[in-house]
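Working notes for the structure below.
The values are calculated or read from the model by the stated rules, or taken from the named source; none is laboratory data. Everything quoted here is computed from the prediction, not taken from an experiment. We place every Cβ from the backbone using ideal geometry, glycine too, and count neighbours over all the protein chains shown.
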Amino acid sequence: MFDIQNTLVEKSTAAVKFACDLKACRGACCTMPGGRGAPLLDEEIKEIRDAFPIVKDYLSRGHLQRIEEVGLFEGEQGDYTTPCYNHGACVFVTYEHGIAKCSFEKAYFEGKIAWRKPLSCHLFPIRVDRGFADRLRFEFISECLPAIDKGNIENIYLSDFLKDALVRAYGTSWYRQFLDACSVERNLQKTFDIERLL
């Protein structure tokens, strides 16, 4: 791991190439089966409440009914998540041509709200384990194989693909140091690979 301003980052994040391919995955990260939705920061509860009167127009009747049943979020302080519909899609998912998309992000890009979406969603496939210090790790799911293929074909590193999310989470200074650390780590890995082949 390397340490960027008291944030621990797993070395695997430096080497992975990644670029979302929505046509292939159909927005799978928004519809993964399980009992819990996207992790939420405590301060994001207000953002969701404020944005809901706008984003509800994008949601299906089933998703709206689920929200009526359980509310806009689940859990307790320090451990909130978005609710899920039928143990699968996040209730805030909207579908366009069969692709699952975030209703908050849709409203954001249409200029209707100033908050983009939950930070955990913006950072995916990087997950943040919170504790005394944040720990960032790459979370692989098989549905993201097309994104890895696209990243390799287009030579896009995960660290570059997630620039906006990482700057949003930790700031520009942190991100610059993160890029420097990733570059060093990649060079070390290349050196190791060459030495192993000799």
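The single condition among (1) in contact (Cβ under 8 Å) with a residue 24 or more places away in the chain; (2) among the charged types (D, E, K, R); (3) in contact with a Pro (Cβ under 7 Å, 6 or more places away or on another chain) that Asp134 does not meet is (3).
One line per residue, one yes/no per condition, for (1) basic (Lys, Arg); (2) modelled with pLDDT under 95:
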site	(1), (2)
Gly111	no, no
Lys117	yes, no
Cys121	no, no
Asp149	no, no
Glu185	no, yes
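If you go through region 1-11, how many residues are outside any loop (DSSP other than H, G, I, E, B) and under 17 Å from the mean Cα position of the chain (by Cα)? Lay out the reasoning, then the answer.
Taking region 1-11 and keeping what is outside any loop (DSSP other than H, G, I, E, B), we get 2-4, 7-9.
Now restrict to residues that are under 17 Å from the mean Cα position of the chain (by Cα): 9.
So the count comes out to 1.
Taking Ala14 as the residue in question, decide whether it is outside any helix (DSSP H, G or I) and farther than 18 Å from Cys90 by Cα. When the stated conditions are applied, Ala14 does not pass them. Restricting the first member to region 69-93 and to residues that are assigned by TED's automatic domain parsing to the domain that holds Lys46, and the second to residues that are assigned to a strand (DSSP E or B) and of a type in the set (S, T, N, Q), the beta-carbon pairs closer than 8 Å and six or more apart or on different chains are Phe73/Thr81; Glu74/Thr81; Gly75/Thr81. Just so you know, in region 167-182 the residues that are farther than 15 Å from Tyr157 by Cβ and in contact (Cβ under 8 Å) with a residue 40 or more places away in the chain include one that is surrounded by the most Cβ atoms within 10 Å (Cβ to Cβ), and it is Ala169. Of all residues in region 158-179, none are in contact with an Asp or Glu (Cβ under 6 Å, 6 or more places away or on another chain), modelled with pLDDT of 95 or more and not assigned by TED's automatic domain parsing to the domain that holds Pro39.
Please verify whether Val55 is farther than 30 Å from Arg135 by Cβ, surrounded by 16 or more Cβ atoms within 10 Å (Cβ to Cβ) and aliphatic (A, V, I, L, M), treating the condition exactly as stated.
Here the answer is yes, as Val55 does meet what is asked.
Consider Arg49 carefully, then state whether it is within 23 Å of Ile113 (Cα to Cα) and in contact (Cβ under 8 Å) with a residue 12 or more places away in the chain.
Values: within 23 Å of Ile113 (Cα to Cα): yes; in contact (Cβ under 8 Å) with a residue 12 or more places away in the chain: yes.
Taking the combined requirement at face value, the residue satisfies it.
Please verify whether region 58-67 includes one or more residues that are under 17 Å from Lys46 (Cα atoms), part of a helix (DSSP H, G or I) and out of contact with any helix residue (DSSP H, G or I) (no Cβ under 7 Å at 6 or more places or on another chain). Yes, region 58-67 contains a residue that is under 17 Å from Lys46 (Cα atoms), part of a helix (DSSP H, G or I) and out of contact with any helix residue (DSSP H, G or I) (no Cβ under 7 Å at 6 or more places or on another chain). If I go through region 33-52 residue by residue, how many of them are crowded, with 17+ Cβ neighbours inside 10 Å and part of a loop (DSSP other than H, G, I, E, B)? Matching residues across region 33-52 total 2.
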